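The values are calculated or read from the model by the stated rules, or taken from the named source; none is laboratory data. As the structure is a computational prediction, the values presented were derived from the model and not from experiment. Positions of Cβ are generated from backbone atoms using ideal geometry, with glycine treated the same way; all protein chains shown enter the neighbour counts. Surface accessibility is based on the protein's heavy atoms, side chains included, excluding ligands, DNA and RNA. Shrake-Rupley method; radii C 1.70, N 1.55, O 1.52, S 1.80 Å.
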Amino acid sequence: MAINKLTVSMSPHDYGKNSVKKIMYGVVLAMVPALLVSVYFFGLDAIRVNLIAIASCLFFEWFFQKFFLKGNTTIADGSAIVTGMLLAFNVPSNLPWWIIVIGSLVAIGIAKMSFGGLGNNPFNPALVGRVFLLISFPVQMTTWPKVSVLNFTMTDAETGATPLALLKEGLNNGKSMTEIIDSIPTSYVDMFMGQMGGSLGEISALALIIGGLYMLFRKIITWHIPVAILGTVAIFTGILWGIDPTKYATPLFHIFTGGMLLGAIFMATDMVTSPMTHKGMIIYGIGIGVITVLIRVWGAYPEGMSFAILIMNAVVPLINNWTKPKRFGEIIKN
Amino acid sequence: MLKTFPKGGVHPNENKFSTGKPIERIDLPKQVYIPVAQHIGAPAEPIVVKGDMVKTGQLIAKSSGFVSANIHSSVSGKVVKIDKVSDSTGYKQTCIIIDVEGDEWIETIDRSETINDKIDNLTGEQIRNKIAESGIVGSGGATFPTHVKLSIPLGKTCEYLIINAVECEPYLTSDHQLMLEKAEEILIGCKLAQKVVGAKKILIGIENNKPDAISNMKTMAQKYKDIEVHALKVKYPQGAEKQLIKALTNREVPSGKLPIEVNCVVQNIGTTFAIYEAIQKNKPLFERVVSVTGKSISRPTNIMARIGTPINMLIEAVGGLPQDTGKIINGGPMMGKALNTVEVPVTKGTSGIVIIPEKYSTRPKSYNCIRCARCISVCPMGLEPYLLKNMSIVKMYEEMHKERALDCMECGSCSYTCPASIPLLDYIRLGKANINKILRSQKS
Amino acid sequence: MAIILNTLISLSLLGVVLAIILYFVAQKFKVYEDPRIDEVEEFTPGANCGGCGYPGCRGFAEACVKAETLDGIFCPAGGNEVMQNIAKVLGMTAAEKEPQIAVVRCNGSHEKREKTNIYDGPKSCAIESSLYTGDTACSYGCLGQGDCVEVCLFDAIYIDEESGLPLVDEEKCTACGACVKICPRSIIELRDKGKKNRRVYVSCMNKDKGAEARKICSVACIGCGKCIKACPFEAITLNNFIAYIDYEKCKLCRKCAQECPTGAILEINFPPRKEKEAIKEQETTEVDK
């Protein structure tokens, strides 16, 4: 009767349509709006940075997998592309190519592959790469080109500072808040649309939110982490602003500037380095929000998102241990 | 809002190809293989010997303990051998092999079509004994002896008798079809079971993808005041005992305890039909409805098959095994067992035969865990499958036990949903087996 | 200058205070340990294989020191040499033990035992055997997923790609017994290494009746009992259709292997037979075909 040899395996015999590839390429797709905005404001430089970052991440992924991990190469699963794009989103558009390559090496080689590849890294690879660059090349990493709409010439554009840097500098010089806000050339609408100085992908709140909504729709992320981070930041800075509006910026300013949305939507939600349960995700999000505000308001750096996420990444195993899901039929001891 | 259980669950493709196909009977096989262990518990002891002539419905193996069940001949003919034969796992098992000669039923069986709804002449105790005599076991697939399940431990009372008509497994339609054709009988069976356990109310849970069965059962149930038919939201694994109780009564069976702890008893709908036949028609359990289905099958249908019929006969009856068959599953695709041969017999727990083409028969390649936590969010028992799997790999069985690995009911939602296609359940099963081994050695 | 001085003074003070605290704590919580435990541990192989039945080499050393005699205590990985050294340290005597080796009692390679289905699951014998009989029809034979390879701390066992069966490296195997314990089919046995490393054993665990066993594997022991008659030393017993050669009684005469109709009895490390016998052997294999 049967000609074929039958396959025998344990149940279940049916499989869902999820796959690592689908998730990773879903994230890539969600980053496209922000990428388009960056091209719109920074010109071809944005594409250059992205291509270099993606290509070098793919190369290092292949290289380490082939020569150090000795497994099947996994570059096709898309995770290196995500890391590359996130790294590119986190640097200024005029960054020299060799710095980007170093960043990719740190991101993939040190932060990801040395722990055993995809899924085993405790820290977000792109952020490790970015922070490494920020500390090693502070000048290049904080020289932001001024935005110029649809400027496709590759000439050295004028440079300027981010609103957050202007804020920090102003406060350090003892200026009052109204003076600082007046000196910042960007309005809230500009910030929302993306017309401000900053890293490649972090400028446009609108594009990031569209990407976030897409990922929510595709069920790649849940709402818990972004909402917890943004909510915490809004409440925390709101309290500070309420206490002294002349010394502290508005919550809206904090949310729209810097890497806040990019971090909350794309970086902190990285599955590998975020907690497993919803309860844990909220704790994690609150932690990131509080640390970010602490660094922004009282720290030496104008921006604290990447540090906050990395610090909370380190706490994730503990959070996972504290926040077990509620077991079905658990007998609660009185 | 339809009722369902709150935590976890997945939505596999339903693929119910054999929906609405009337229950057919097929020709009797030439030979039947009746295993003596078709239930959970001690195997039955054969009471016939080689050369004996048996009739359909005759007791051929006697229950050998409290948790055990009688086995009856499903055909009439001559016992040719009592031998060890490979079962669906390939391991040897004692079988009674009978050569079929005619189809002569024992005289006590009422073979008329009339429905007998008189249930007042027997006491609960008598009904239960009769159920035990008739060798009825849970027909959902777990095959726990029904008379044991209907025995209420001292000091406990049963408030709800819950009838599991969820059929949440994809592909399978045997319960669905039974509800369409035998609704009246099923309800009488429910009343009989209610009499045994003394339940105040009978709740019948049916998933909402079977609207015709729901309406049919609702109309039939109108004459009984204490039977409620509930439509449930479609979600796997709603047919799991604890999940069904949660969905219908919002009670949570404590970890490691039985449903009677929350005053419930759960019975499968197929079992209640068997109870009806045993009590009202004097017919022991020797045949059952089996869905024979699959994407590549030319004529998926539901077959009333005698216990012991080789599975290949059922497949022949639906148009033969397609050339591209890659996997044959005994049961549903989520919890059923893959077969390595079609020579195995239908048993009391066979609810379906699902044939999977080669293209879909192998598992997707597995990747590293990306810690997406989908397994946690779909686990209906609130466990952490990724953690249990890792513990099982590194043999941390005691820690695994502390993480309640034994609560896992092996529904397979975690493996189903894993985007990295990690065989989570395989490792969890291994861990559970080892935990049980450790627990047994601690006891003794 | 003042800063340096202050730093030096405060840090040294801190150091002294902490050192004093540490000293008292160490005194208070000191645990007495028999110094011989360390000495014994020196001699152990340090592989922590657990073959002795104690938790690691340290546990073994403790057990040795505590024990009154060394009877029944044996380090399989270290062998007699280690035991003699330990005995010297403790002033006891250790009985010499015949060196042993792990032996895989299944010879059903890919070509000799046909696959009847495809196993699709994790590479683990434990999982495969809990699911079903495996991808061949033999429910007693080797599954070839390599749980034994995984568990071996000495790299002494590996799966031969051609046959799909585990092979034991005679040099590296210490007879710790880890593979014996892990094998879900109980195929691996510890046997005496034998003179000149020569061994004769039945390489099959199939308890099916002869005809059935023969059908699923061409080198199965069919329980015919010819070897029993051939054995001059009564070293062979037959239970459940499977012959077993007692290595303590076997004198390595090889008469049984000659008689075996399926070639289930393996002879290891023997010089090739004389020509006459070789012809005879050929004949029997031809008859088999």
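Screening B:P380 against (1) at pLDDT 90 or above; (2) open to solvent by 10 Å² or more (accessible area, probe 1.4 Å) leaves a single unmet condition, (2). Using the structure shown, decide if B:I34 is assigned to a loop (DSSP other than H, G, I, E, B) and crowded, with 16+ Cβ neighbours inside 10 Å. Considered against the rule, which asks whether it is assigned to a loop (DSSP other than H, G, I, E, B) and crowded, with 16+ Cβ neighbours inside 10 Å, B:I34 comes out as no. Determine whether region C:203-221 contains at least one residue that is surrounded by 20 or more Cβ atoms within 10 Å (Cβ to Cβ), in contact with a Leu (Cβ under 6 Å, 6 or more places away or on another chain) and in a loop (DSSP other than H, G, I, E, B). Checked against the condition, which is being surrounded by 20 or more Cβ atoms within 10 Å (Cβ to Cβ), in contact with a Leu (Cβ under 6 Å, 6 or more places away or on another chain) and in a loop (DSSP other than H, G, I, E, B), region C:203-221 yields at least one hit. Evaluating B:Y91 against the criteria (1) open to solvent by 40 Å² or more (accessible area, probe 1.4 Å); (2) in contact (Cβ under 8 Å) with a residue 12 or more places away in the chain; (3) out of contact with any Cys (no Cβ under 8 Å at 6 or more places or on another chain) leaves one unmet condition, (2). Scanning region B:61-86 for residues that are crowded, with 22+ Cβ neighbours inside 10 Å, out of contact with any Phe, Trp or Tyr (no Cβ under 9 Å at 6 or more places or on another chain) and either hydroxyl-bearing (S, T, Y) or within 14 Å of chain C (Cβ to nearest Cβ) (or both) turns up B:S63, B:S68.
In region B:316-334 there is at least one residue matching the filter, namely being closer than 19 Å to B:Q177 by Cα, among the aliphatic types (A, V, I, L, M) and more than 17 Å from the chain's Cα centre (by Cα). Looking only at residues that are touching a residue at least 24 places away in the same chain (Cβ under 8 Å) and out of contact with any Leu (no Cβ under 9 Å at 6 or more places or on another chain) in region C:78-104, which one is most open to solvent (accessible area, probe 1.4 Å)? Only one residue fits best here, namely C:E98. Would you be able to tell me the number of residues in region C:259-270 that are under 25 Å from the mean Cα position of the chain (by Cα) and in a loop (DSSP other than H, G, I, E, B)? Counting residues in region C:259-270 that are under 25 Å from the mean Cα position of the chain (by Cα) and in a loop (DSSP other than H, G, I, E, B) gives 4.
Restricting attention to region B:126-146, which residues are open to solvent by 20 Å² or more (accessible area, probe 1.4 Å) and either in contact (Cβ under 8 Å) with a residue 24 or more places away in the chain or in contact with a Leu (Cβ under 6 Å, 6 or more places away or on another chain) (or both)?
Correct list: B:R128, B:K130, B:A132, B:E133, B:G140, B:G141, B:A142, B:F144.
Is it the case that some residue within region B:228-236 is under 18 Å from B:C158 (Cα atoms), part of a strand (DSSP E or B) and not hydrophobic (A, V, I, L, M, F, W, C)? So far as region B:228-236 goes, yes, one or more of its residues are under 18 Å from B:C158 (Cα atoms), part of a strand (DSSP E or B) and not hydrophobic (A, V, I, L, M, F, W, C). Look at (1) more than 14 Å from every other protein chain (Cβ to nearest Cβ); (2) surrounded by fewer than 24 Cβ atoms within 10 Å (Cβ to Cβ) and you find that A:G71 fails only one, number (1). The single condition among (1) open to solvent by 10 Å² or more (accessible area, probe 1.4 Å); (2) in contact with a strand residue (DSSP E or B) (Cβ under 7 Å, 6 or more places away or on another chain) that B:T123 does not satisfy is (2). Can you tell me which residue in region B:245-296 is most open to solvent (accessible area, probe 1.4 Å), limited to those that are within 14 Å of chain A (Cβ to nearest Cβ) and farther than 21 Å from B:E159 by Cα? My answer is B:K295. Filtering region C:34-61 to residues that are open to solvent by less than 70 Å² (accessible area, probe 1.4 Å), over 26 Å from C:E171 (Cβ atoms) and of a type in the set (D, E, K, R) leaves C:D34, C:R58. Kindly provide the set of residues from region A:118-135 that are open to solvent by less than 10 Å² (accessible area, probe 1.4 Å) and either over 18 Å from A:V316 (Cβ atoms) or more than 13 Å from chain B (Cβ to nearest Cβ) (or both), ordered by number. Within region A:118-135, A:A126, A:L127, A:G129, A:L133 qualify. I'd like to check something: does region A:247-261 contain any residue that is modelled with pLDDT of 95 or more, under 21 Å from A:A205 (Cβ atoms) and either within 16 Å of the chain's Cα centre (by Cα) or part of a helix (DSSP H, G or I) (or both)? No; the residues of region A:247-261 include none that is modelled with pLDDT of 95 or more, under 21 Å from A:A205 (Cβ atoms) and either within 16 Å of the chain's Cα centre (by Cα) or part of a helix (DSSP H, G or I) (or both). Within region C:237-260, the set of residues being under 20 Å from C:V219 (Cβ atoms) and aromatic (F, W, Y) comprises C:F241, C:Y244. Of all residues in region A:1-23, those that are in a helix (DSSP H, G or I) and surrounded by 23 or more Cβ atoms within 10 Å (Cβ to Cβ) total 2. The set of residues in region B:338-366 being within 7 Å of another protein chain (Cβ to nearest Cβ) and not in a loop (DSSP other than H, G, I, E, B) consists of B:A338, B:L339, B:I356, B:E358, B:S361. Can you tell me which residue in region A:24-52 is farthest from the other protein chains (Cβ to nearest Cβ), limited to those that are among the hydrophobic types (A, V, I, L, M, F, W, C), crowded, with 22+ Cβ neighbours inside 10 Å and under 15 Å from the mean Cα position of the chain (by Cα)? Only one residue tops the list, namely A:A34.
Would you be able to say whether some residue in region C:118-133 is under 12 Å from C:G164 (Cα atoms) and surrounded by fewer than 22 Cβ atoms within 10 Å (Cβ to Cβ)? No: region C:118-133 contains no residue that is under 12 Å from C:G164 (Cα atoms) and surrounded by fewer than 22 Cβ atoms within 10 Å (Cβ to Cβ). For B:M409, the test of being out of contact with any Pro (no Cβ under 6 Å at 6 or more places or on another chain), more than 8 Å from every other protein chain (Cβ to nearest Cβ), open to solvent by less than 60 Å² (accessible area, probe 1.4 Å) and in a helix (DSSP H, G or I) is failed.
Keeping to region A:275-321, report how many residues are farther than 11 Å from A:I229 by Cα and either within 14 Å of another protein chain (Cβ to nearest Cβ) or among the acidic types (D, E) (or both).
Quick first cut of region A:275-321, residues farther than 11 Å from A:I229 by Cα only: A:275-280, A:294-304, A:306-307, A:310-321.
Subsequent filtering for residues that are either within 14 Å of another protein chain (Cβ to nearest Cβ) or among the acidic types (D, E) (or both) retains A:275-280, A:303, A:313, A:316-317, A:319-321.
Counting residues in region A:275-321 that are farther than 11 Å from A:I229 by Cα and either within 14 Å of another protein chain (Cβ to nearest Cβ) or among the acidic types (D, E) (or both) gives 13.
Considering (1) facing another protein chain (nearest Cβ under 7 Å); (2) more than 25 Å from the chain's Cα centre (by Cα); (3) part of a helix (DSSP H, G or I), the lone condition that B:S377 does not fulfil carries the number (1). Only one of the listed residues (A:L216, A:L230) is surrounded by fewer than 19 Cβ atoms within 10 Å (Cβ to Cβ), more than 14 Å from chain B (Cβ to nearest Cβ) and at pLDDT 85 or above. That residue is A:L216.
I'd like to check something: does region A:97-106 contain any residue that is part of a helix (DSSP H, G or I), in contact (Cβ under 8 Å) with a residue 12 or more places away in the chain, assigned by TED's automatic domain parsing to the domain that holds A:V128 and over 28 Å from A:S136 (Cα atoms)? Taking every residue of region A:97-106 in turn, none turns out to be part of a helix (DSSP H, G or I), in contact (Cβ under 8 Å) with a residue 12 or more places away in the chain, assigned by TED's automatic domain parsing to the domain that holds A:V128 and over 28 Å from A:S136 (Cα atoms).
Inside region C:134-155, residues that are of a type in the set (A, V, I, L, M), within 17 Å of C:V219 (Cα to Cα) and modelled with pLDDT of 90 or more make up a count of 1. State yes or no: is A:A80 among the hydrophobic types (A, V, I, L, M, F, W, C), outside the structural domain of A:M260 (by TED's automatic domain parsing) and surrounded by 21 or more Cβ atoms within 10 Å (Cβ to Cβ)? Answer is yes for this residue.
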